[in-house]
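The values are calculated or read from the model by the stated rules, or taken from the named source; none is laboratory data. Since we're looking at a predicted model, the values are computed, not measured. Neighbour counts are summed over all protein chains in view; Cβ atoms, including those assigned to glycine, are modelled from backbone coordinates with ideal geometry. For accessibility, only protein heavy atoms count, side chains too; no ligands or nucleic acids. Shrake-Rupley method; radii C 1.70, N 1.55, O 1.52, S 1.80 Å.
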Amino acid sequence: TRLRALDGLRLVAALMVAAYHYGGRDGEVGQAWGGSPRHQFPALHSLFAYGCLGVQIFFVISGFVICMSGWDRPLRSFFASRAARLLPAYWVAIVLVTAVFALPTVVYRAVSPSDALVNLTMLQQPLGVDRVLGVCWTLWCEVRFYALFALCVVLPGANRRRVVLFCACWTLASAIVQGAGTPLLDVVLMPEYTPYFVGGIGLYLVHRDRRDAIAWGIVAVSWLLGQHYAVQRLWHAPDAPGFSYRSSFGIVLVVTLGFLAVAAIALGLLGWADWRPLTVAGALTYPFYLVHEHLGWVVIHVLHQGLGIPSYGTFMLTVAAMLTLAWLINRYVEEWLTPRLRGVLSRPGLG
């Protein structure tokens, strides 16, 4: 049964990230506004700064969904499903952002044609190539998670015992690597994000059996480690340069709410939110996430500096424009290409 509340939570997390990119940080978005977002959103910029934690919530959701989709599924089918889900919208986003940034009227620097082509592989991050999409670093985390889960769980066959062992070994190995400071293993195991993926997997085990004490233990340990890594990476002292002033309490609160939201879905507490529009929201989330940041800068510049639309109006119109673009990508690219790509990759002759 499709968990539509999970689709809705995906979009909420994406909108959190968009709020951060548009009004919760300095940098190139300041060029679009013509000044720091702290002056554009004096009442909300400090709240928008917490929107970056939508990524951690994404990772918890991903752990839940990947465990669910990989259960009782052969490796070829799992690979085909993941590739067909990620690549079509990603390829379109790469082409769109590259093309728009190449326009003479756009002030943002486009990557070189060679680097743009490398970006189509999703391997630009480890190769040190300039990124077309600022958010693609999270996709590199997702790809590594998929690979670990596929090799350790899907390939031998998913069952509760194997999933629990995977969670325990990955969590312990990540803690050891973090302490040892081994660069290669750090790249493979990504200890700073392990708790979120593992926490999502634990919540899927809870979804299968809410009385599973070990699953609850996995979730509890993951939350404890997850809040630690989030505070360690995202907390800034009030007098630090920049303006992403996030308190440790606020960071812990947002991480906790993310875990609680997925837990509520896992336990069926949000089963009443079985609304079809939430499925549409879930379908728009990924393409919206891909295009919203860089293309959002261009839209903000046109609306705010070009047309003189006030900050809050520009913010809302930019989000609406990116959601519309996401709908177009989903409707005319993903709905057409995803099943075809999945079918090609699922052919027995390829595995």
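Among VAL188, VAL154, which is surrounded by fewer than 20 Cβ atoms within 10 Å (Cβ to Cβ) and hydrophobic (A, V, I, L, M, F, W, C)?
VAL188
Could you identify the single residue in ARG4, ARG76 that is farther than 24 Å from GLU192 by Cα and surrounded by 16 or more Cβ atoms within 10 Å (Cβ to Cβ)?
Values: ARG76 fails: surrounded by 16 or more Cβ atoms within 10 Å (Cβ to Cβ).
After applying the criteria, what remains is ARG4.
Only helices (runs of 4 or more DSSP H) wholly contained in region 104-154 count here; list those with 2 or more residues that are under 18 Å from the mean Cα position of the chain (by Cα). So that I can check it myself, show each step before the final result.
Numbers: elements: 113-119, 124-127, 136-149.
Result: 124-127, 136-149.
Before we move on, is ARG85 charged (D, E, K, R) and modelled with pLDDT of 90 or more?
Values: charged (D, E, K, R): yes; modelled with pLDDT of 90 or more: yes.
Yes, satisfied.
Given (1) over 17 Å from HIS45 (Cβ atoms); (2) surrounded by 14 or more Cβ atoms within 10 Å (Cβ to Cβ), identify the lone condition not met by PHE249.
The failed condition is (2).
Tally the residues that are out of contact with any Ser or Thr (no Cβ under 9 Å at 6 or more places or on another chain) and either in a loop (DSSP other than H, G, I, E, B) or touching a residue at least 60 places away in the same chain (Cβ under 8 Å) (or both), restricting the search to region 155-192.
9
Select, from GLN125, GLN31, GLN56, the only residue that is touching a His at 6+ places or on another chain (Cβ under 8 Å), among the polar types (S, T, N, Q) and open to solvent by 10 Å² or more (accessible area, probe 1.4 Å). First the steps, then the outcome.
Values: GLN125 fails: touching a His at 6+ places or on another chain (Cβ under 8 Å); GLN56 fails: touching a His at 6+ places or on another chain (Cβ under 8 Å).
It is GLN31.
Could you tell me whether ALA261 is surrounded by 20 or more Cβ atoms within 10 Å (Cβ to Cβ) and not aromatic (Phe, Trp, Tyr)?
Here the answer is yes, as ALA261 does meet what is asked.
Take residues that are more than 19 Å from MET322 (Cα to Cα) and tell me which of the helices (runs of 4 or more DSSP H) falling wholly in region 1-44 contain 3 or more. Break it down into steps so the answer makes sense when it comes.
On the way: elements: 4-23, 28-33, 37-40.
The helices (runs of 4 or more DSSP H) meeting that bar are 4-23, 37-40.
Restricting attention to region 139-149, does a residue exist that is closer than 21 Å to VAL97 by Cα, hydrophobic (A, V, I, L, M, F, W, C) and in contact with a helix residue (DSSP H, G or I) (Cβ under 6 Å, 6 or more places away or on another chain)?
Looking for residues that are closer than 21 Å to VAL97 by Cα, hydrophobic (A, V, I, L, M, F, W, C) and in contact with a helix residue (DSSP H, G or I) (Cβ under 6 Å, 6 or more places away or on another chain), one finds at least one in region 139-149, hence yes.
Please count how many residues of region 101-117 are open to solvent by 40 Å² or more (accessible area, probe 1.4 Å) and either over 17 Å from LEU295 (Cβ atoms) or not charged (D, E, K, R) (or both).
Restricting attention to region 101-117, the residues satisfying the condition of being open to solvent by 40 Å² or more (accessible area, probe 1.4 Å) are 102-105, 107, 109, 112-114, 117.
In the following step, the residues that additionally are either over 17 Å from LEU295 (Cβ atoms) or not charged (D, E, K, R) (or both) were identified as 102-105, 107, 112-114, 117.
Qualifying residue count, region 101-117: 9.
Could you list, in sequence order, the residues of region 274-314 that are open to solvent by 10 Å² or more (accessible area, probe 1.4 Å) and small (Gly, Ala, Ser)? Spell out how you get there, then give the answer.
So the first thing to find is which residues in region 274-314 are open to solvent by 10 Å² or more (accessible area, probe 1.4 Å), and the list is 274-281, 283-284, 286, 289, 293-295, 297-299, 301-313.
Passing the criteria: ALA281, ALA283, GLY306, GLY308, SER311, GLY313.
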